[in-house]
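Here the structure comes first, spelled out in structure tokens, and everything after it is commentary.
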Amino acid sequence: MVLNNIETLIEKYNNAETTLKEEAQLRAYFESEDVAPHLEHYKPLFLYFSEAQNEQYTKDVPLKPKRTKLYQWISVAAVAVLMLGFMVPQLLGPSEEEIRQQQIAMETYNQTMEALSLISLGMNEGKAQMTNLALVSDNLNSGVSQVNRLSEFNKQTSRILKNK
């Protein structure tokens, strides 16, 4: 009966459903010498918990951490360097070389835009000429079909006149 009770307590322990009193019963059972052979593998676990409960920390815990003022000054210096890094280029402004490079870049951009504009005009003129050619082609095709009808009409007319 006791073994049955221990097995149900172990099952509850594995499911994290035991109370402190039930865990104390399990600890007492596994500290004893008469542990069932199929439950031997639980014995080191509960023995460890019994021993760990008696352990104590004996070193002094410092309440105030030691800080040196050097770390505080390092952070102040880092912030100052960052601020100077952001502010100095804005205060001094761009150099003459940078201004010259910007002007060259702008001139190059304007020249490229002019060249592309000329290419665009040429392409638009070519497109207009292609449209005109397409209209001429359509008109020629229409004229050819009318000439074919006229020649067919002439054939029919000449047959009629020859038969009379």
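The values are calculated or read from the model by the stated rules, or taken from the named source; none is laboratory data. Because the structure is predicted, anything quoted here is derived from the model rather than measured. Backbone-built Cβ (ideal geometry, glycine too); neighbour counts: all protein chains shown.
Below, the figures for the structure above:
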{"item": "Boolean, residue 43 is among the charged types (D, E, K, R) and outside any helix (DSSP H, G or I)", "result": "no"}
{"item": "Matching residues in the range 14-40 - criterion: being within 16 Å of residue 53 (Cβ to Cβ) and out of contact with any helix residue (DSSP H, G or I) (no Cβ under 6 Å at 6 or more places or on another chain)", "result": "20, 21, 23, 24, 25, 28, 31"}
{"item": "Failed item in (1) assigned to a helix (DSSP H, G or I); (2) at pLDDT below 80; (3) not assigned by TED's automatic domain parsing to the domain that holds residue 20, with residue 49 passing the rest", "result": "(3)"}
{"item": "Which listed residue, of 158, 50, 95, 145, is surrounded by 10 or more Cβ atoms within 10 Å (Cβ to Cβ) and either under 30 Å from residue 32 (Cα atoms) or in contact with an Asp or Glu (Cβ under 8 Å, 6 or more places away or on another chain) (or both)", "result": "50"}
